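Undergrad: Okay, handing you the structure first.
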Ligand code: GLU
């Protein structure tokens, strides 16, 4: 696969999954990314992460797009929709299969189900896959393709996965993060790269699409920080560039619960119908 090199221009993105409306956490991420792009005369891209056709809904997609506009956020170029990118994911899988890095798995584990949504740390109990189908090729029907993580790390030929991270706008930390590959292997094990019915996974699609949109800066919540080394590893395996990561603080309700679609049903739409202005909603997100 041939992607153009990272440009020197700042390119930020927001990549919501239309499994619900836009919530205050999205507003915070979107504005942080948007401001970084605008302050650097950069670009801001929008991508709809809708690979999970069982949970993604067109009405949520429409709602997200119209709410972003209502908040005053505009994006550059076409909206990328993952449902239109199946061929691109398939050719990346082909490449990984050719390199002998994937194997079929027939285990019916919940993590196979979860492989298509972003693993926000509070939602996933991280159980490392014991490698059953790596050792004994499956005889039952195949449910997924898994990455042989040990082989993948060896193929990359490095002991550490490094990436540049701007940790938080609050403490302004920035610097190189280095995570030992042995830790990655232990923490993640052979993770699912393609769920059979969808033929991709969140991790595969996100690295391919960030590269295709020429994203230089990924701004997202701290709950996706733990998975970043895996995404960097996939970038190395697929010869894709690594953006600069900025994992920002998570937003919490006054009760102390993390704001998410499930825990805090107040979406931008609901604030809008209750008469709040875009500025009210933005202020709310930045004052939580
Ligand atoms: N689609 C993911 C979500 O809505 C975002 C993933 C990312 O920013 O990398 O949670």
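The values are calculated or read from the model by the stated rules, or taken from the named source; none is laboratory data. Just so it is clear, the model here is predicted, and its values are computed rather than measured. Cβ atoms come from the backbone with ideal geometry, glycine included; neighbour counts cover every protein chain shown.
Undergrad: Determine whether the stretch 157-164 contains at least one residue that is in contact (Cβ under 8 Å) with a residue 24 or more places away in the chain and over 28 Å from residue 90 (Cα atoms).
TA: yes
Undergrad: May I pose another question? Being at pLDDT 95 or above and within 14 Å of the ligand (Cβ to nearest atom) is the requirement here; does residue 234 meet it?
TA: Against the criterion (at pLDDT 95 or above and within 14 Å of the ligand (Cβ to nearest atom)), residue 234 qualifies.
Undergrad: Also: Keeping to the stretch 200-226, report how many residues are touching a strand residue (DSSP E or B) at 6+ places or on another chain (Cβ under 9 Å) and farther than 20 Å from residue 39 by Cα.
TA: Result for the stretch 200-226: 14.
Undergrad: Restricting attention to the stretch 9-32, which residues are within 11 Å of the ligand (Cβ to nearest atom) and part of a loop (DSSP other than H, G, I, E, B)?
TA: 15, 16, 17, 18, 19, 20, 22, 23
Undergrad: Could you identify the single residue in 251, 234 that is more than 14 Å from the chain's Cα centre (by Cα) and surrounded by 20 or more Cβ atoms within 10 Å (Cβ to Cβ)?
TA: Matching residue, one of 251, 234: 251.
Undergrad: I would also like to ask the following. Output yes when any residue across the stretch 200-219 is at pLDDT 90 or above and more than 26 Å from residue 77 (Cβ to Cβ), and no when none is.
TA: Scanning the stretch 200-219 turns up no residue that is at pLDDT 90 or above and more than 26 Å from residue 77 (Cβ to Cβ).
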